[in-house]
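Below you'll find the structure, written out as structure tokens, and then a few comments.
The values are calculated or read from the model by the stated rules, or taken from the named source; none is laboratory data. As the structure is a prediction and not an experimental result, all values here were calculated from the model. Every residue, glycine among them, receives a Cβ derived from its backbone with ideal geometry; neighbour counts consider all protein chains shown. Keep in mind that these areas ignore ligands, DNA and RNA; they rest on the heavy atoms of the full protein, side chains included. Shrake-Rupley method; radii C 1.70, N 1.55, O 1.52, S 1.80 Å.
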Amino acid sequence: VQLVESGGGLVQPGGSLRLSCAASGSISFINTMRWYRQAPGRQRELVATFTRTGTITYADSVKGRFTVSGDNAKNTVYLQMSSLNPEDTAVYYCNMDINFRNYWGQGTQVTVSS
């Protein structure tokens, strides 16, 4: 199983980005899809969670600005990020529970700067 993220980049404050993470390989069951981020010198932070049953949770720091969604048919999770600010600068990682095992993507850099 492999997770591949895409959609990161450089964006100005107030801008938007959409991240995608697609899982491939021998996949029977995906239970939970998550997005984490890690800024330089800081611990990895859970940003958003999307479960198979549609339960969604967000970190307080992104509520109202970020939207997580999942497409079980495509084994893909998305993170729509709006009203970005420099504090959102980090490497963003997707994480999934697949076939009762946990997998990480390689990460995608998001930089918010003018």
In a Gaussian network model of the chain with springs linking alpha carbons closer than 10 Å, the residue among Thr76, Thr53, Thr89 that fluctuates most is Thr53
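How much of the accessible area of the chain, probe 1.4 Å, is carbon plus sulfur, in whole percent? Please report the intermediate quantities before stating the final value.
Numbers: 2760 of 5930 Å².
Ligands and nucleic acids excluded, carbon and sulfur reach 47 percent.
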For the chain, inverting the pair-averaged 1/r of distinct alpha-carbon atoms gives a Kirkwood value in Å of 14.0
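So what is the diffusion coefficient of segment 1-63 in µm² per second by Stokes-Einstein at 25 °C and 0.890 mPa s, using a Kirkwood Rh over Cα pairs?
D, rounded to a whole number, is 178 µm²/s.
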With every protein chain kept in place and a 1.4 Å probe, the chain has an accessible area per residue in Å² of 52
If exposed means trypsin sites (Lys or Arg not before Pro) lying in a DSSP loop and surrounded by at most 15 other beta carbons within 10 Å, then the longest stretch of the chain lacking such sites spans residues 1-41
